[in-house]
Amino acid sequence: VRVDQVNTVDLDEVFAREAALRAAIEKQNAEEAYDLFLLMVTNILDSNTRLLVVGEPKDVVEKAFDKKLEDDKMDLPGVVSRKKQVVPPLEAAF
């Protein structure tokens with residue numbers, strides 16, 4: 001499992017490049033043998049994150065945050081820290 005983070009002031013601007021992001025993530029998954037890659041795109045102005053999930057098992061991500069993915073994405077209001085707010089629930093869900 002890999003968790004990366006991008007900070008921005010405009011989530012829509014980042015997700016306008018979703019196809020390219022997804023392709024780069026899929027390439028990394030293949031090259032580095034990751035099963036699951038989570039990209040946190042965090043709006044630093046309102047402290048919200050949209051998660052892009054590529055790979056499997058996606059159900060573990062849904063369990064960790066008690067939310068359903070929609071088109072491999074999930075909004076996480078108030079989540080800004082990989083180490084404090086994303087990794088611990090993922091570890092518990094695995």
Worksheet item: For the chain, what is the mean residue ellipticity at 222 nm derived from helices alone (per DSSP H run of n ≥ 4: -39500 (n - 2.57); sum divided by total residues; nearest 500 deg cm²/dmol)?
Response: -10500 deg cm²/dmol
Worksheet item: Quick one: length gained pulling residue 35 to residue 48 fully straight, 0.36 nm per residue minus the C-alpha distance?
Response: 2.1 nm
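None of the figures in this text is laboratory data; all of them are computed from the coordinates on show. Just so it is clear, the structure is predicted and the values come from calculations on it, not from any experiment.
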